[in-house]
1. Looking only at the stretch 244-262, how many residues end up being part of a loop (DSSP other than H, G, I, E, B) and either at pLDDT 95 or above or of a type in the set (Ser, Thr, Tyr) (or both)?
2. What's the number of the condition GLY245 fails, among (1) touching a helix residue (DSSP H, G or I) at 6+ places or on another chain (Cβ under 6 Å); (2) open to solvent by 10 Å² or more (accessible area, probe 1.4 Å)?
3. Which condition breaks for LEU220 when tested against (1) of a type in the set (A, V, I, L, M); (2) within 16 Å of MET266 (Cβ to Cβ); (3) open to solvent by less than 50 Å² (accessible area, probe 1.4 Å); (4) modelled with pLDDT under 95?
4. Looking at the stretch 1-92, what strands (runs of 3 or more DSSP E) fall wholly within it and have at least 2 residues that are among the β-branched types (Val, Ile, Thr), buried (at least 17 other Cβ atoms within 10 Å of the Cβ) and touching a residue at least 24 places away in the same chain (Cβ under 8 Å)?
5. Of all residues in the stretch 263-320, count the ones that are exposed (fewer than 15 other Cβ atoms within 10 Å of the Cβ), polar (S, T, N, Q), closer than 27 Å to ARG239 by Cα and at pLDDT 90 or above.
6. Out of (1) in a loop (DSSP other than H, G, I, E, B); (2) over 18 Å from ASP146 (Cα atoms), the odd one out for PHE98 is which?
7. Which members of the stretch 146-176 meet the condition of being outside any loop (DSSP other than H, G, I, E, B), at pLDDT 85 or above and open to solvent by less than 30 Å² (accessible area, probe 1.4 Å)?
8. Being open to solvent by 30 Å² or more (accessible area, probe 1.4 Å) and not in a helix (DSSP H, G or I) is the requirement here; does LYS201 meet it?
Amino acid sequence: MQNLEFTVHIPPELSKIIDMETKSFTQEEITKDQEIAVRYFSEAITKSVEMKSIFISDFFMDSSRLTRIDNLKHKDYCNENGILNFQKLFQCKIEYRFSEDTVLNLMKELRNSKKVRAQLKSFGAISLHIMNQTADSERVITFSNDMHPGAWKEKLNENYQPFNKDYFFKFPLFKFLHEQRVFIDLMLSDDYYDKAIFGGKNFRELEKIFLSLMNNANQLNYLFVGNKYSLETETILKRLKKTYGAKVKMSSKKVVKVNSQKYTVMELKKKISKNLFKDYSDGFLLDRQGRLFYRNLEGIIEADEKTSLKDLYEIPLDTETQRIMSFI
């Protein structure tokens, strides 16, 4: 058996807050208790959540909404032996905050939320390392949403049951789950201003959808296409783009499953000016009969004598925003 040593690394900034230090476990200690290192790893994470140095957020029901978890000792997140349920936690959002003072000081210094997040990330994350006599220290796992199982060092861990990929990960992980749920929420919403659902059969229907999405004021729009029609739909959309000279970048994002049906999510990202309504180069696209199709929350609308300037100029408030505004 290799002479192995496991180390739980705690970033210095976090160590001061939770009063726990980076700690190594010898071959002798590991032989007596194979879970000793992962138990300390769990303890550091649990205490960090209690101290609000790490925010853990889980999905609320079946939506993409997230809700904060303040106690990891709940049975959903912790096993009976006191070791965390890592399979579950890696399906949650993991955010390092260190302390409110840390965040406030960084905000005062950097005055930019992206720079603050980058600085917090640079402080490091709780991680578990392994070392043997013939190799340098190898990181086994980092408690972060950036951890990817593809980087797993299987050859170093094969003799120790607590340290295998299946112990920590159950697919899909948080980033994939969140993106899927965001798209599913979008598809199931009642608002059709910036999205459309296409059955994949009728050309004229697809043409109207394309023109109406090009004529709204959103830069990003999404088209949900029945998965079995996705290839031909994407091909026809490219030809429509060329036919109408539309300034748009199209890409297939994901496949989502809704009510046992699979849909390909297509993103249509328009190359519009910073101020759409003050730059006449961003004109409306009319079909070959001279008709103008635009969108409201219910979907495609054909402009006629009753269409107002407001109908074409104003971006309608989605249902959730309307609810909030009415409450205010």
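1. Of the residues in the stretch 244-262, 1 are part of a loop (DSSP other than H, G, I, E, B) and either at pLDDT 95 or above or of a type in the set (Ser, Thr, Tyr) (or both).
2. (1)
3. The single condition LEU220 does not satisfy is (3).
4. Counting at least 2 such residues, we get 5-9, 54-59.
5. 1
6. (2)
7. Within the stretch 146-176, PHE168, PHE174 meet the criteria.
8. Here the answer is yes, as LYS201 does meet what is asked.
The values are calculated or read from the model by the stated rules, or taken from the named source; none is laboratory data. Keep in mind that what you see is a predicted model, and the values were worked out from it rather than measured. Note that each Cβ is placed from the backbone with ideal geometry, even for glycine, and that neighbours are counted across all protein chains shown. Accessible surface is based on the protein model in full, side chains and every heavy atom, while ligands, DNA and RNA are left aside. Shrake-Rupley method; radii C 1.70, N 1.55, O 1.52, S 1.80 Å.
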